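J.: The structure is given below, and queries will be raised subsequently.
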Amino acid sequence: MEQLVSQIEGYKSEMSSFIANDEKQVEEFRIKYLGTKGIVKAIMGEMKNVAADQKKQAGQLLNEFRLFTENLYETLKQAASGTEVAAAGTDLSLPGDPAPLGSRHPITLMRNRIVSIFQRLGFAVAEGPEIEDDWHNFGALNLPAHHPARDMQDTFYIQQNPDWVLRTHTSSVQIREMEKGKLPIRMLMPGRVYRNETVSARSHCFFHQVEGLYIDENVSFADLKQTLYFFVKEMYGKDVKVRFRPSYFPFTEPSAEMDVTCMICGGSGCNICKKTGWVEILGCGMVHPNVLTNCGIDPNKYSGFAFGLGIERPAMLKYDVNDLRLFSENDIRFLRQFTAAT
Ligand code: DAH
């Protein structure tokens, strides 16, 4: 009797997981379980082996099993023919329901635009860690301890180890690339950077930069200018004017900042460009010989240029975003507005 009960349970669970997608499979079910040589018949035959005092109970059990099987068969039959009806009334050539697709983040879109322009000039892409040691973020970049220019970037220090910082710029990745000792280098290094600044519509404690580095024999300031001219024309169009202003960065000499004519007012002066007609987009210069030496590169043989540009500002100008905080608030209504085509 016990054996009979467990046999029946086994068949029940086997049947329950039977999948019939069409009438042919429903028929297979019928033959297997309800046919003249089927399982239900066979198990009914077990009745003769049941002890006389248990026959009544066994009879009930077997009847119940037969009903269970018949019901399941009916259900499968209906489901399969239902599908057929639905399929017959459906135009299968119609396109399906679109699967909901997300969109790329505006910062990613802008980063990809920048990267693809420089890739056409042969720049490869590299990334580095966001938690940096003092040497890569400052020391090797010609900013020794107590150098006053460290104050230009309000730094987050890591409590457990004061030698670690959240990188304040992507220039740290330059050092990592140069240290590898493989020359020439033509690299673009996008990434997130951190500074201890009050969060407002115009500044944030983290933002994004793209760093560029080109090291080879005989690289000159003229190469730097031509590379950046090409970038600006591709990015902002042929009519945009460019100007270089002398500047200071400890890791480049000479150093410059590059402005483009304001794309909002076309150069006539507006709030975005603070009525100057120009918008600053990047810092650049010839890599300082000390930096090359720090990375084991001979400054008498090699020279190079570097530049660093922010991603948020061009993204704000392109997408007409007036508050930096929107980029990191993950408001779906904001994010949905950006598509790969924009
Ligand atoms: N690291 C600088 C900053 O965050 C930007 C920069 C300026 C990068 C000049 C460079 C460079 O590579 O040559 O403000």
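Every number in this text was worked out from the coordinates using simple rules, so none of it is lab data. Just so it is clear, the structure is predicted and the values come from calculations on it, not from any experiment. A quick note on method: Cβ atoms are made from the backbone with ideal geometry, for glycine too, and the neighbour counts reach across all protein chains shown.
J.: Which whole DSSP H helices in the chain pass both tests: a Cα extent of 15 Å or more along the axis and a mean Kyte-Doolittle value no lower than 0.0?
T.: Counting only whole DSSP H runs, the qualifying helices are 106-119, 221-236.
J.: Shifting gears a bit: Size of the dipole of the range 26-67 about the Cα centre, Lys and Arg at +1 and Asp and Glu at -1 on the beta carbon, nothing else charged, in debye to 20?
T.: That gives the range 26-67 a dipole magnitude of about 120 debye.
J.: Using only the alpha carbon atoms of the range 70-187, find the Kirkwood hydrodynamic radius as the inverse mean reciprocal pair distance, in angstroms to one decimal. Present the calculation step by step, with values, prior to reporting the outcome.
T.: Details: mean 1/r = 0.0495 Å⁻¹.
Taking the inverse mean of 1/r over all distinct Cα pairs, the range 70-187 comes out at 20.2 Å.
J.: Using 13 Å as the cut-off for backbone N distance, which residues of the range 3-26 belong to the label zone defined by a point 7 Å from the Cα of LYS32 along Cα→Cβ?
T.: 11-22, 24-26
J.: Let me ask something additional. Give, in whole angstrom and from largest to smallest, the semi-axes √(5λ) of the equivalent ellipsoid of the range 239-296, with λ running over the eigenvalues of the Cα gyration tensor. Mind showing how you got there, number by number?
T.: Numbers: eigenvalues 194, 16, 11 Å².
Values for the range 239-296, descending: 31, 9, 7 Å.
J.: For the range 191-342, what is the relative contact order in percent, using Cα pairs closer than 8 Å and at least 6 residues apart in sequence?
T.: Numbers: 241 pairs, mean separation 40.7, N = 152.
Computed value for the range 191-342: 27 percent relative contact order.
J.: Using a simple charge model, +1 on the beta-carbon of Lys and Arg, -1 on the beta-carbon of Asp and Glu, nothing else, what dipole does the range 198-342 show about its Cα centre, in debye to the nearest 20? Please list the in-between numbers first.
T.: Details: 15 positive and 16 negative charges, 117 e Å.
Computed charge dipole of the range 198-342: roughly 560 debye.
J.: Quick test of your reading: applying the under-4.7 Å Cβ rule, which cysteines of the chain are isolated?
T.: By the Cβ distance rule, which asks for a partner under 4.7 Å, the isolated cysteines are CYS205, CYS284, CYS295.
J.: Classify the range 97-159: rounded, prolate or oblate, from the alpha-carbon gyration tensor (a ≥ b ≥ c, eigenvalue square roots; a/c under 1.5 rounded; otherwise prolate if a/b is larger than b/c)? Spell out each step's value before the answer.
T.: On the way: a/c = 3.28, a/b = 1.97, b/c = 1.67.
Taking the square roots of the gyration eigenvalues as a ≥ b ≥ c, the range 97-159 is prolate.
J.: What do the square roots of 5 times the Cα gyration tensor eigenvalues come to for the range 289-342, in whole Å, largest first, as semi-axes of the equivalent ellipsoid? Each step should come with its number before you reach the end.
T.: Details: eigenvalues 332, 28, 20 Å².
So the equivalent ellipsoid measures 41, 12, 10 Å along its semi-axes.
J.: Among 125-136, 105-116, 305-316, what's the highest-first ranking by average C-beta atoms within 10 angstrom per residue? It would help to have the intermediate numbers written out before the result.
T.: On the way: 125-136: 16.3, 105-116: 18.0, 305-316: 22.1.
Ranking the peptides 125-136, 105-116, 305-316 by packing returns 305-316, 105-116, 125-136.
J.: Rounded, prolate or oblate: which fits the range 233-342 when a ≥ b ≥ c are the square roots of the eigenvalues of the alpha-carbon gyration tensor, with rounded for a/c under 1.5 and prolate only if a/b beats b/c? Before the final figure, lay out each step's value.
T.: On the way: a/c = 2.63, a/b = 1.69, b/c = 1.56.
Since a/c reaches 1.5 and a/b is larger than b/c, the shape of the range 233-342 is classed as prolate.
J.: Can you tell me the Rg and Dmax of the chain, counting just the alpha carbons, in angstroms?
T.: 35.8, 108
J.: Using per-residue counts of other Cβ atoms within 10 Å, averaged over each peptide, order 263-269, 146-152 from highest down. Spell out each step's value before the answer.
T.: Details: 263-269: 14.9, 146-152: 11.6.
Descending mean neighbour count gives 263-269, 146-152.
J.: Net charge within 15 Å of GLY277 by Cβ-Cβ distance, Lys/Arg positive one each and Asp/Glu negative one each, not counting GLY277 itself?
T.: On the way: positive: LYS241, ARG243, ARG245, LYS274, LYS275; negative: ASP239, ASP259, GLU280.
Residues close to GLY277 contribute a combined charge of +2.
J.: Okay, moving on. Calculate for the chain the 222 nm mean residue ellipticity that helices alone would give, adding -39,500 (n - 2.57) per DSSP H run of length 4 or more and normalising by residue count, nearest 500 deg cm²/dmol. List each step's numbers first, then the result.
T.: Details: 11 runs with 123 residues, N = 342.
Counting only the DSSP helices, I get -11000 deg cm²/dmol.
J.: Set Lys and Arg Cβ to +1 and Asp and Glu Cβ to -1, take the dipole of the chain about its Cα centre, and tell me which of GLY310, PHE68, SER93 lies farthest positive.
T.: Going by the Cα projections, it comes out as SER93.
J.: Compute the relative contact order of the chain as a whole-number percentage, counting only Cα pairs closer than 8 Å that sit 6 or more residues apart in sequence.
T.: Numbers: 500 pairs, mean separation 52.7, N = 342.
Here the relative contact order equals 15 percent.
J.: Report the one residue of ALA149, LEU34, VAL5 whose Cα lies farthest in the direction of the positive end of the charge dipole of the chain (charges on C-beta: Lys and Arg +1, Asp and Glu -1; origin at the Cα centre).
T.: Value computed over the given set: ALA149.
J.: Extension gain SER328-ARG192, at 0.36 nm per residue separation less the Cα-Cα distance, in nm? Each step should come with its number before you reach the end.
T.: On the way: separation 136, 0.36 × 136 = 48.96 nm, distance 1.21 nm.
Difference between extended and current length: 47.8 nm.
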